[in-house]
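One structure below.
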Amino acid sequence: MRVLVVGAGEVGFHLAQRLSEEHQDVVIIESDPERAEIATQKLDVQTIVGNGASISILEQAKVRNAQMLLAVTSADEVNLTACLAAKRMGVPYTVARISNPDYYEEDSVLSSDQVGIDLMVNPERECAREAFLLLQSIAFTEVAEFAGGRVQLVGLKVRDGAPVAGQSIGHLRSQFLPTGYHYVTAAIVRDGQTIIPRAETTIEAGDRLYLLAPTSEIDQVPPLAGYDRFKLKRVMIAGGSLEGQYIAELLGQQGIECTILDYNRRRCVELAERLPKALVLHADATDLEQLEIEGVGGVDGFVSATGSDETNLLSSLLAKQAGARKVLSLVHKFQYLKLESTAGVDSSISPRISTVNAILRRIRRGRVMTVASLSGIEAEAIEFVVSSESRIANKALRDVDFPKNGVIGIILRGNEIILPRGEDTLTAGDDVIVFATPDAIPTVEALFG
């Protein structure tokens with residue numbers, strides 16, 4: 001598949017890297033020569049220097065031969081124009097990264113329905129939704145939803161003395177199956193290495209587990225890894241960014257007490273008008289004394305959501321030291337995602353990773369419903385719908401040549417949730433959640449295609 005990526009910033013670079021690893025034909029269009037050169041040197045892609053909204057540049061990139069155009073620059077107008085032009089030049093699917101609410105609200109004359117763009121991705125709203133899910137548990141470092149919210153994939157670290165520590169996957173499976181608990185270990189990260197576990201794999205304290213479970217049962221997961229049960233009642237948000245505003249809206253809808261701190265007095269006034277259920281304070285989130293005065297030590301959740309990664313990491317460290325139970329930090333730069341543990345952050349949230357996740361689901365072959373690309377692991381979770389033409393349909397799983405770096409996690413058949421075994425057979429209409437490393441994804445897609 002030929003894909004044009006407009007913009008070689010961190011979102012565009014990450015998307016192009018993922019696609020090139022899967023042997024897609026990727027062309028990057030970037031107006032900054034230095035960024036274009038970096039992409040050329042580090043990725044197996046073609047790069048063109050120029051404005052992605054320019055007809056001549058799109059022609060140079062052979063846009064009429066492309067199956068998809070992903071416009072992911074930081075400029076909404078460039079992304080809109082590039083998608084509109086590509087659509088009229090015959091590109092079947094166009095995706096635009098859009099932050100300005102004027103462009104994506106349903107009643108806007110420039111909404112996706114009005115202008116014919118197949119998908120508009122709003123990074124700030126995607127990020128806020130992820131933050132809201134993470135705040136629900138003291139243990140989870142990453143969360144992704146599947147099957148319309150019926151199933152969640154969560155990441156969490158195994159504590160010393162946890163019930164699952166020292167147990168093999170096979171033993172745990174035999175222990176939990178009779179109880180009716182649908183618990184699947186999709187992957188383990190140990191010493192920076194991603195392991196797709198087998199029955200004989202043993203879980204160790206310090207491992208980061210990635211588990212699949214029904215949303216209705218997800219509260220039972222943290223105690224298995226050594227965590228106490230947790231109830232979210234009070235949240236403090238440092239920063240009146242769009243992400244912070246959207247998080248506060250979600251909290252207010254659930255009746256959760258929310259306080260927002262921002263150093264910009266004018267923005268505080270705006271937020272107070274928009275968020276009648278939140279307490280908005282004019283304060284500096286990097287001032288420990290102010291944080292303590294406002295009661296940061298007594299909150300269940302603290303989210304640092306300013307526009308500066310450095311400020312977010314600093315305020316997160318201060319909040320953790322002051323006693324906040326769960327601390328999240330907004331991170332814009334990919335390289336900062338690995339600093340969370342040293343900065344006292346329980347979990348990082350990235351609008352750019354959220355954007356990548358939303359876009360990936362539209363560039364997969366086959367019957368793909370949902371894709372989750374997680375920041376802490378070199379693997380993806382993908383939800384497929386089995387068709388009658390799928391190569392994997394109507395075969396016992398033990399007879400399928402499934403790649404070793406992939407695993408079928410959960411099968412959903414109607415209202416039934418099935419933990420897969422060798423004798424199970426996939427039938428048309430089944431929802432299947434697969435966890436796989438990038439090198440295995442093309443093979444997995446071919447099985448479901």
So, in region 198-257, how many residues would count as being among the basic types (Lys, Arg) and within 30 Å of residue 311 (Cβ to Cβ)? 4
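Condition check ((1) free of Cβ contacts under 8 Å to residues at least 60 places away in the same chain; (2) of a type in the set (Phe, Trp, Tyr)) across all residues:
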{"site": "157", "(1), (2)": "no, no"}
{"site": "165", "(1), (2)": "no, no"}
{"site": "169", "(1), (2)": "yes, no"}
{"site": "174", "(1), (2)": "yes, no"}
{"site": "185", "(1), (2)": "yes, no"}
{"site": "204", "(1), (2)": "yes, no"}
{"site": "227", "(1), (2)": "no, yes"}
{"site": "243", "(1), (2)": "no, no"}
Among the listed residues 82, 96, identify the single one that is open to solvent by less than 80 Å² (accessible area, probe 1.4 Å), in contact (Cβ under 8 Å) with a residue 60 or more places away in the chain and not aromatic (Phe, Trp, Tyr). 82
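What are the residues in region 190-232 that are of a type in the set (Phe, Trp, Tyr) and either in a loop (DSSP other than H, G, I, E, B) or exposed (fewer than 15 other Cβ atoms within 10 Å of the Cβ) (or both), if any?
Pass one, region 190-232, residues of a type in the set (Phe, Trp, Tyr): 210, 227, 230.
Listed by number, the residues that qualify are 227, 230.
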Only one residue in 301, 297 is touching a residue at least 12 places away in the same chain (Cβ under 8 Å) and either out of contact with any helix residue (DSSP H, G or I) (no Cβ under 7 Å at 6 or more places or on another chain) or under 20 Å from residue 141 (Cα atoms) (or both), so which one is that? 301
Within region 421-449, considering residues that are farther than 18 Å from residue 21 by Cα and in contact (Cβ under 8 Å) with a residue 60 or more places away in the chain, the one surrounded by the fewest Cβ atoms within 10 Å (Cβ to Cβ): 449
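Looking at residue 250, is it part of a strand (DSSP E or B) and not polar (S, T, N, Q)? Before the answer, list the steps.
Working: part of a strand (DSSP E or B): no; not polar (S, T, N, Q): yes.
Considered against the rule, which asks whether it is part of a strand (DSSP E or B) and not polar (S, T, N, Q), residue 250 comes out as no.
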Subset of region 36-78 [of a type outside the set (S, T, N, Q), open to solvent by 30 Å² or more (accessible area, probe 1.4 Å) and in a strand (DSSP E or B)]: 49
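Name the residues in region 3-13 that are buried (at least 19 other Cβ atoms within 10 Å of the Cβ) and under 19 Å from residue 37 (Cβ atoms), would you?
Taking region 3-13 and keeping what is buried (at least 19 other Cβ atoms within 10 Å of the Cβ), we get 3-8, 10-13.
Correct list: 4, 5, 6, 7, 8, 10, 11, 12, 13.
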Residue that is farthest from residue 212 (Cα to Cα), among those in region 377-399 that are modelled with pLDDT of 85 or more and open to solvent by 100 Å² or more (accessible area, probe 1.4 Å): 389
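The values are calculated or read from the model by the stated rules, or taken from the named source; none is laboratory data. Because the structure is predicted, anything quoted here is derived from the model rather than measured. Every residue, glycine as well, gets a Cβ built from its backbone with ideal geometry; the counts of neighbours run over all protein chains shown. These area figures cover heavy atoms from the full protein model, side chains too; ligands, DNA and RNA do not enter into them. Shrake-Rupley method; radii C 1.70, N 1.55, O 1.52, S 1.80 Å.
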